[in-house]
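J.: Sharing a structure below in structure tokens format, with a few things to ask.
The values are calculated or read from the model by the stated rules, or taken from the named source; none is laboratory data. Because the structure is predicted, anything quoted here is derived from the model rather than measured. Glycine also receives a Cβ, built like all others from the backbone with ideal geometry; neighbour counts cover every protein chain displayed.
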Amino acid sequence: MRRKATLNPNEVAAASDTSDVRGLTRAAPLSRRGFMGSSAALAAGYTIAGGPVRAEAIRTDADGLVAGMTTIKTGDGAMPAYFARPAGVDRPPIILVAMEVFGLHEHIKDVTRRLAKLGALALAPDLYFRKGDLTKIESISDLMPLVNSKPDAELFSDLDASAAYAIAQGGDGERLGIIGFCRGGRTVWLYATHNPALKAGVSFYGSLMDPPSAAMPQNAFALAGQVQAPVLGLYGAEDQGIPPDQVRQMEEKLKTAGKIAEFEIYEGAPHGFFADYRASYRKEQAEDAWKHAIAWFRTYRVLA
């Protein structure tokens, strides 16, 4: 049974002051034309906490793949995860997919299949499974206190368990990468300070300077000097939660520390510009960012 967290008032208050909340909620008004109804979106496997779901969301088939749900043993329970891998391929590289705040829903599963089509054993763990099924939560105000209460130490442990699981399933632990979106983008920065086996990471609009909390005591900017793996940062110039000035400061701090990192800041792109199921999606910028991500993983020998 999934357990729900008990939250204190300070955690609830802090939930409204994170980069991802500001980026997700301070968007321009939109027309609902071209979007699914709530019932159709839920039936298709999407969450609706992030707003209306685009009818033209990308759908990647599983032809040539082995894909589906699995569970990963952790210290305090079985963590659900979605995996996809190319059929009949021995020792594929491993890419962990760090989810947004909306749970393990169809968009994250689709990204996992896209990576498998490129030859990877891609694995998306439900990092918030202890909080309940986040895909069923419809309100950002209800969702964020749960997400923000997850301790970073537990996050690292879950990701380590995911990497170990993928290796046990025949993945190549010498070619380990991670990609993440929104809160998962922050996860990429932090995991790059934690696991020395990580070969490369790609962070899509991951928060950099959120104030510390009991669960998340240090932000990515504070830990920049401890980054061990090459990381590519992909950000939007119109992100209302992570302004370009923060990105440039992060870039300079990493450069001063002698770290391998590159950044792209896309003009006309808001927070969530890669999320093809949301109104924030920007096709041109998202496609270019995906090309950069693939090239990054190839440069650092995660993907062939």
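J.: Please count how many residues of the range 34-49 are part of a loop (DSSP other than H, G, I, E, B) and over 12 Å from His107 (Cα atoms).
T.: 4
J.: Further, regarding this structure: Would you confirm whether or not the range 165-182 contains a residue that is modelled with pLDDT of 95 or more, touching a helix residue (DSSP H, G or I) at 6+ places or on another chain (Cβ under 9 Å) and in a helix (DSSP H, G or I)?
T.: No, the conditions are met nowhere in the range 165-182.
J.: What is the number of the single condition among (1) surrounded by fewer than 20 Cβ atoms within 10 Å (Cβ to Cβ); (2) under 25 Å from Ile294 (Cβ atoms) that Val101 does not meet?
T.: (1)
J.: Taking interchain pairs and intrachain pairs at least six residues apart, which have beta carbon atoms under 6 angstrom, with the first residue in the range 227-256 and basic (Lys, Arg) and the second surrounded by 21 or more Cβ atoms within 10 Å (Cβ to Cβ) and not in a loop (DSSP other than H, G, I, E, B)?
T.: Filtered contacts from the range 227-256: Lys253/Ala224.
J.: For the condition among the charged types (D, E, K, R) and within 17 Å of the chain's Cα centre (by Cα), what is the one hit in Asp158, Asp142?
T.: None of the others qualify; the one that does is Asp158.
J.: Report yes if some residue within the range 161-177 is in contact with an Asp or Glu (Cβ under 7 Å, 6 or more places away or on another chain), of a type in the set (Phe, Trp, Tyr) and in contact (Cβ under 8 Å) with a residue 12 or more places away in the chain; otherwise report no.
T.: No: the range 161-177 contains no residue that is in contact with an Asp or Glu (Cβ under 7 Å, 6 or more places away or on another chain), of a type in the set (Phe, Trp, Tyr) and in contact (Cβ under 8 Å) with a residue 12 or more places away in the chain.
J.: What number goes with the only condition from (1) crowded, with 24+ Cβ neighbours inside 10 Å; (2) within 26 Å of Glu106 (Cα to Cα); (3) of a type outside the set (Ser, Thr, Tyr) that Asp160 does not pass?
T.: So the condition that Asp160 fails would be (1).
J.: When you look at Pro80, is it surrounded by fewer than 23 Cβ atoms within 10 Å (Cβ to Cβ) and touching an Asp or Glu at 6+ places or on another chain (Cβ under 8 Å), yes or no?
T.: Here the answer is yes, as Pro80 does meet what is asked.
J.: So Ser141 passes all but one of these: (1) under 17 Å from Ala44 (Cβ atoms); (2) modelled with pLDDT under 95; (3) among the hydroxyl-bearing types (Ser, Thr, Tyr). Which condition number does it fail?
T.: The failed condition is (1).
J.: Here is a further query. List every residue pair whose Cβ atoms sit under 7 Å apart, with the two residues 6 or more apart in sequence or on different chains, where the first one lies in the range 121-144 and is farther than 30 Å from Arg175 by Cβ and the second, anywhere, is among the basic types (Lys, Arg).
T.: Once the first residue is farther than 30 Å from Arg175 by Cβ and sits in the range 121-144, its partners that are among the basic types (Lys, Arg) give Lys131/Lys4; Gly132/Arg2; Gly132/Lys4; Asp133/Arg2.
J.: Evaluate the following for Ser157: is it of a type in the set (Ser, Thr, Tyr), more than 24 Å from Pro212 (Cα to Cα), at pLDDT 95 or above and in a helix (DSSP H, G or I)?
T.: On the way: of a type in the set (Ser, Thr, Tyr): yes; more than 24 Å from Pro212 (Cα to Cα): no; at pLDDT 95 or above: yes; in a helix (DSSP H, G or I): yes.
For Ser157, the condition - of a type in the set (Ser, Thr, Tyr), more than 24 Å from Pro212 (Cα to Cα), at pLDDT 95 or above and in a helix (DSSP H, G or I) - is not met.
J.: Name every residue in the range 52-70 that is surrounded by 14 or more Cβ atoms within 10 Å (Cβ to Cβ) and under 20 Å from the mean Cα position of the chain (by Cα), in order of residue number.
T.: Listed by number, the residues that qualify are Pro52, Val53, Arg54, Ala57, Ile58, Thr60, Ala67, Thr70.
J.: Can I ask one more? Is one or more of the residues making up the range 172-179 out of contact with any strand residue (DSSP E or B) (no Cβ under 6 Å at 6 or more places or on another chain) and over 30 Å from Pro86 (Cα atoms)?
T.: Checking the range 172-179: not a single residue is out of contact with any strand residue (DSSP E or B) (no Cβ under 6 Å at 6 or more places or on another chain) and over 30 Å from Pro86 (Cα atoms).
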